[in-house]
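Inspection log for the structure reproduced underneath, given as structure tokens.
Since every read-out is calculated from the coordinates, none of them should be taken as a lab result. For clarity, every value in this text was computed on a predicted model and none was experimentally measured. For neighbour counting, all protein chains shown are included, and Cβ atoms are generated from backbone atoms with ideal geometry for every residue, glycine included.
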Amino acid sequence: MKKHLIALTLLLSGLAHADAVDALRDFGRDVKSGKANFTQTVTSPDGKRKKVSSGSFEFQRPNRFRFAYAKPFEQTIVADGTKVWIYDADLNQASSRKLADALGATPAALLAGTDLERDFTLKAAAADGGLEWVQAVPKQAESTIQTLKLGFKGKDLAAMEIVDGFGQRSRLDFSAVQANVALGAERFQFKLPAGADLIEQ
């Protein structure tokens with residue numbers, strides 16, 4: 001109850017927006033590992049078509065993460081600190097590329113990187129849907145991303161929204177978020193399944 005009163009006081013005084021930027025800075029500094037479930041909704045540029053997928057997300061700083069999509073198709077994206085691996089179960093095909101080439105100013109860098117403000121300029125955005133939002137603007141020209149926002153409920157990461165260079169919008173809503181949990185090293189190692197093709201980029 002006390003937490004809600006503080007949040008309400010901040011909203012009324014117009015200071016909550018700055019708080020969302022602080023929440024992201026705190027997240028980047030204090031949260032060394034975490035896991036959550038997610039639902040991802042991808043909306044076409046005209047807003048008429050939507051695709052929904054879901055799965056789980058885990059990360060450990062620096063630069064280790066695992067996105068495991070379960071529905072409607074199985075796909076796994078794993079970063080082991082050196083490389084990023086993408087595995088498509090339906091195709092039984094994996095691809096890999098160097099982390100430095102793949103990470104940069106990306107959503108994954110915001111969640112699992114080590115220095116947010118080296119790669120992004122952080123700005124408070126308007127509150128929406130019960131969340132306080134932070135816009136993260138890549139410092140290097142990044143043609144694949146138009147805008148990138150993170151939504152917080154208090155200090156807790158609740159959502160991420162990305163608009164790509166084509167105007168397609170992706171929103172991830174996080175649930176069952178656990179911060180600073182013990183995660184085994186094997187969670188961030190990729191083993192090529194038997195018979196799978198590997199494409200190295």
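Observations
- Listed residues Leu172, Leu150, Gln140: farthest to the positive end of the dipole of the stretch 133-189 (Cβ charges): Leu150
- Remark: the chain carries a charge dipole of roughly 320 debye about the Cα centre, counting +1 on each Lys and Arg Cβ and -1 on each Asp and Glu Cβ.
- Only aspartates and glutamates eight or more places from Lys71 in sequence, or on another chain, were considered; those with a Cα closer than 20 Å are Glu58, Asp88, Asp90, Glu161, Asp173.
- Dipole of the stretch 2-200 computed with +1 at Lys/Arg Cβ and -1 at Asp/Glu Cβ about the Cα centre; of Leu198, Ser44, Phe59, farthest Cα towards the positive end is Phe59.
- The chain, relative contact order in percent, only Cα pairs under 8 angstrom and at least six apart counted: 25 percent
- Cross-link pairs Lys50/Lys98; Lys50/Lys153; Lys149/Lys191; Lys153/Lys191; Lys35/Lys191 - those with Cα-Cα distance over 29 Å: Lys50/Lys98; Lys149/Lys191; Lys153/Lys191
- Against the chain, whose longest principal axis is taken from its Cα atoms, helix 2-13 shows a tilt of about 70°.
- Efficiency of FRET from Cβ geometry, Lys32 and Asp156, R₀ 25 Å, rounded to 0.05: 0.95
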